[in-house]
Amino acid sequence: MHDSRCALLCHWGPVPGGAPAGRAAARAAAALRTREIDASAVGRLVRVALDDDTLLAASTIGRAAAVVAGPTVLAVGRPRDEGMDRALAEQDAIAWLPPDGASEALIALVVESLGALGRPVVRFSAAHPVARRLALAGIAVGAAPALEGMERIA
């Protein structure tokens with residue numbers, strides 16, 4: 001558990017909605033913008049939009065994480081490549097959510113490839129739609145429902 005007043009969410013593409021920005025998140029987003037990082041604040045989240053070039057994105061993630069004192073979440077909804085793996089390997093842990101209907105062979109392949117990055121890996125079950133919307137809006141919710149169905153795999 002982290003006692004920070006905000007968290008960093010690095011993502012590609014738009015993330016809908018958001019609560020009014022909390023003071024800590026607004027200050028952190030402003031600090032990132034002074035460093036020419038595309039950041040906005042919603043609720044307790046500092047959202048950073050990433051470049052399509054994953055090597056540039058990996059650099060941005062590192063720069064942003066150095067400024068925002070809270071936990072960093074990297075939302076990867078795209079194929080992994082060298083830049084993406086570099087960014088993932090720099091995290092404290094890797095959590096992933098398999099797509100609906102994923103075969104056991106695909107899951108085993110992902111587990112093996114993520115485990116090769118040398119970080120702890122956990123697999124999540126899909127969050128309840130309401131919990132997902134609240135989290136993306138930057139509204140603090142209890143950790144227990146979000147971690148339901150979590151399984152450490154590597």
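Regarding VAL46, is this residue in contact with a strand residue (DSSP E or B) (Cβ under 7 Å, 6 or more places away or on another chain) and buried (at least 18 other Cβ atoms within 10 Å of the Cβ)?
Answer is yes for this residue.
Checking ASP53 against (1) modelled with pLDDT under 90; (2) closer than 15 Å to VAL76 by Cβ; (3) of a type in the set (D, E, K, R), which single condition isn't satisfied?
Condition (1) is where ASP53 drops out.
If you take the residues in the stretch 108-135 that are at pLDDT 85 or above, out of contact with any strand residue (DSSP E or B) (no Cβ under 8 Å at 6 or more places or on another chain) and small (Gly, Ala, Ser), which one is nearest to ARG44 (Cα to Cα)?
The extreme case among them is GLY118.
Go over the candidates ALA105, ALA89 one by one and state the one that is under 24 Å from LEU50 (Cβ atoms) and either at pLDDT 90 or above or under 15 Å from the mean Cα position of the chain (by Cα) (or both).
Only one candidate qualifies: ALA89.
I'm checking my understanding of the structure. Among residues of the stretch 67-86 that are under 15 Å from the mean Cα position of the chain (by Cα) and assigned to a helix (DSSP H, G or I), which one is nearest to ASP38 (Cα to Cα)?
Once the filter is applied, the top-ranked residue is MET84.
Cβ contacts < 6 Å: first residue under 22 Å from PRO16 (Cβ atoms), restricted to the stretch 47-66; second residue of a type outside the set (Ser, Thr, Tyr) and part of a helix (DSSP H, G or I), any location; separation 6+ or different chain. Result?
Going by the 6 Å Cβ cut-off, the qualifying pairs are VAL48/ALA64; LEU50/ALA57; ASP51/ALA57; ILE61/ALA87; ALA64/LEU32.
The values are calculated or read from the model by the stated rules, or taken from the named source; none is laboratory data. Please read these numbers as outputs of a predicted model, since none were measured by experiment. Virtual Cβ from ideal backbone geometry, glycine too; neighbours counted across all protein chains shown.
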